[in-house]
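First up is the structure itself, then whatever we jot down about it.
The values are calculated or read from the model by the stated rules, or taken from the named source; none is laboratory data. This one's a predicted model, so the numbers in the text were calculated from it and none came from an experiment. Here the Cβ positions follow ideal geometry from the backbone for every residue, glycine too, while neighbour counts run over all protein chains shown. Heavy atoms of the whole protein, side chains included, go into the accessibility calculation; ligands, DNA and RNA do not. Shrake-Rupley method; radii C 1.70, N 1.55, O 1.52, S 1.80 Å.
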Amino acid sequence: MKIETKCLHEGYKPENGGPGVMPIVQSTTYRFDSTAKIASLFDMPTECIYSRFANPTCDAVEKKIASLEGGVGAMLTSSGQAASLLSILNLCSAGDSFIAASTIYGGTINLFGVTLKKLGIECIWADAEASEEEVQKLFKPNTKAVFGETLANPALTVFDIEKWANIAHKNNVPLIVDNTFATPVLCRPIEWGADIVIHSTTKYMDGHAVQGGGVIVDGGKFDWAASGKFPDFTEPDESYHGVVYTREFGAMAYIIKARMQLMRDFGCYPAAHSAFLLNLGLETLPVRMRQYCENALTVAKFLESSDKIASVRYPALPGNEHYERAQKYLPMGTSGVMSIDIKGGRAPAMKFMDSLKLACNEVHVADIRTCVLHPASETHRQLTDEQLVAAGIEPGMVRISVGLENVEDIIADLKQALDTLD
């Protein structure tokens, strides 16, 4: 099936006489006829036994997202941050390190650089545009993964997935890619060599700003045994009856381990109703993504002509430094998100935002409605000036998430706000 069809039909298969729309299974528990049956499920979790880490409604959505990304399995989480956290903790323990592109989302920078550091896990920051030779120097014997974003938030640079996958694999570690802004409609990183894909489903997948969530997708292609770096996958897990994940679960070793170990212990699993709402968003995702891209390109071309704006960061614009790379990885478009640099810095940028009437000034992105945000003052305010520069953020940067309103109305609102800067 093509992706538009998958968005409607994957995951949930109605039985004869069953509900045509995926039902909400609003239950924490599941009943069985025998103690032996429950015991067997603790050895081989092929059915739902408790909704802290599995639920039939969530399971259907997980299957759908895995199919959309071309993975072998997926696990929903309660937020995008939880997905980022568990994707690393499934690979790294105290004393380990991993490499991450410095342009990633500010909240993730704090998670990786501060919180994980307290747990004894080192994040080694890398310039996403560094040469292979420069990146190679960053690897240590204890390095377990590489992490990047398809479209960096808010720098709007395009991650060279194929290059970074080759670097990671030469060092026998997996590549994790945050594909939130692109969604599988615009880019499927696994097809370019990524091993694990994560999303904040709060954004385009949900699309309507009604509930938070995240997901981890296992590409199923990384050879954990051949790597030699991951004994937790190849040796018995004493916390789960001595199971050996690579032996028992093969290509799904990563995602099963994440569920059986981490979701069991952290319990950051979404409610069934949240998964139901997420599924509604997924059903219209291809239609929405096409319109987001069309609206955003029109808006970007308008903003590019303004003398109040120093630069427009939108990779689908001809002349953008990442235009050619965007044509390779995201030929259908580069989402509805762009960043602009207002001339004069922070004060004019904030005046511009406060003058908007249609666009919402809110701490969100990838919504169905147009919204704006000032990264240096809001999402990335915890970063130092040096970190802001490394993340590609200027004081006058405004992130614009173009929505699905009539594009002429969006442009009219932006124009009147820019006119206040005279």
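Do you know which residues across the range 147-195 are among the polar types (S, T, N, Q), open to solvent by 10 Å² or more (accessible area, probe 1.4 Å) and assigned to a helix (DSSP H, G or I)? Lay out the reasoning, then the answer.
Step one: of the range 147-195, the residues among the polar types (S, T, N, Q) are 150, 153, 157, 166, 171-172, 179-180, 183.
Filter once more, so that each one left must be open to solvent by 10 Å² or more (accessible area, probe 1.4 Å): 153, 157, 166, 171-172, 180.
Across the range 147-195, the qualifying residue is only Asn166.
One residue alone among Ala130, Ala168 is in contact with a Pro (Cβ under 9 Å, 6 or more places away or on another chain), over 19 Å from Ala182 (Cα atoms) and not polar (S, T, N, Q), and that residue is Ala168.
Within the range 105-123, identify whether any single residue is among the acidic types (Asp, Glu), open to solvent by 10 Å² or more (accessible area, probe 1.4 Å), out of contact with any Lys or Arg (no Cβ under 6 Å at 6 or more places or on another chain) and part of a helix (DSSP H, G or I), and answer yes or no.
Kept after step one, since they are among the acidic types (Asp, Glu), are these residues of the range 105-123: 122.
Filter once more, keeping what is open to solvent by 10 Å² or more (accessible area, probe 1.4 Å): 122.
The next check asks that each one be out of contact with any Lys or Arg (no Cβ under 6 Å at 6 or more places or on another chain); those that pass are 122.
Subsequent filtering for residues that are part of a helix (DSSP H, G or I) retains none.
No, because not a single residue in the range 105-123 is among the acidic types (Asp, Glu), open to solvent by 10 Å² or more (accessible area, probe 1.4 Å), out of contact with any Lys or Arg (no Cβ under 6 Å at 6 or more places or on another chain) and part of a helix (DSSP H, G or I).
Looking only at the range 275-308, residues that are within 22 Å of Gly11 (Cβ to Cβ) and not in a helix (DSSP H, G or I) come to 1 in all. Restricted to the range 1-36, and to residues there that are open to solvent by 80 Å² or more (accessible area, probe 1.4 Å) and of a type in the set (A, V, I, L, M, F, W, C), the residue that is farthest from Glu47 (Cα to Cα) is Met1.
Here is the figure for the range 205-244: residues that are in contact with a Gly (Cβ under 8 Å, 6 or more places away or on another chain), open to solvent by less than 10 Å² (accessible area, probe 1.4 Å) and of a type outside the set (A, V, I, L, M) total 6. Among the residues of the range 71-83, the one identified as of a type in the set (Val, Ile, Thr) and assigned to a strand (DSSP E or B) is Thr77. Filtering the range 228-274 to residues that are under 25 Å from the mean Cα position of the chain (by Cα) and of a type in the set (S, T, N, Q) leaves Gln261, Ser274.
Here's the yes/no breakdown for (1) of a type in the set (Gly, Ala, Ser); (2) surrounded by 14 or more Cβ atoms within 10 Å (Cβ to Cβ); (3) at pLDDT 95 or above; (4) more than 20 Å from the chain's Cα centre (by Cα):
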residue	(1), (2), (3), (4)
Ser355	yes, yes, yes, yes
Ala359	yes, yes, yes, yes
Val363	no, no, no, no
Thr384	no, no, no, yes
Val389	no, no, no, yes
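If you check Ala347, Ala300, Ala326 for being at pLDDT below 95 and either farther than 18 Å from Ala366 by Cα or open to solvent by less than 10 Å² (accessible area, probe 1.4 Å) (or both), only one passes: Ala347. When residues in the range 37-80 are screened for being in contact with a His (Cβ under 8 Å, 6 or more places away or on another chain), crowded, with 20+ Cβ neighbours inside 10 Å and more than 18 Å from His9 (Cβ to Cβ), 1 of them pass.
Picking from residues in the range 321-351 that are of a type in the set (Lys, Arg) and touching a residue at least 12 places away in the same chain (Cβ under 8 Å), the one that is nearest to Asn179 (Cα to Cα) is Arg325. A single entry from Ser102, Ser51 fulfils the requirement of being at pLDDT below 95, farther than 26 Å from Ala225 by Cα, over 16 Å from the mean Cα position of the chain (by Cα) and among the hydroxyl-bearing types (Ser, Thr, Tyr): Ser51.
For Gly95, state whether it is open to solvent by 40 Å² or more (accessible area, probe 1.4 Å), at pLDDT 95 or above, on the phi > 0 side of the Ramachandran plot and more than 23 Å from the chain's Cα centre (by Cα). If you could, list the steps in order and put the result at the bottom.
Working: open to solvent by 40 Å² or more (accessible area, probe 1.4 Å): yes; at pLDDT 95 or above: yes; on the phi > 0 side of the Ramachandran plot: yes; more than 23 Å from the chain's Cα centre (by Cα): yes.
Considered against the rule, which asks whether it is open to solvent by 40 Å² or more (accessible area, probe 1.4 Å), at pLDDT 95 or above, on the phi > 0 side of the Ramachandran plot and more than 23 Å from the chain's Cα centre (by Cα), Gly95 comes out as yes.
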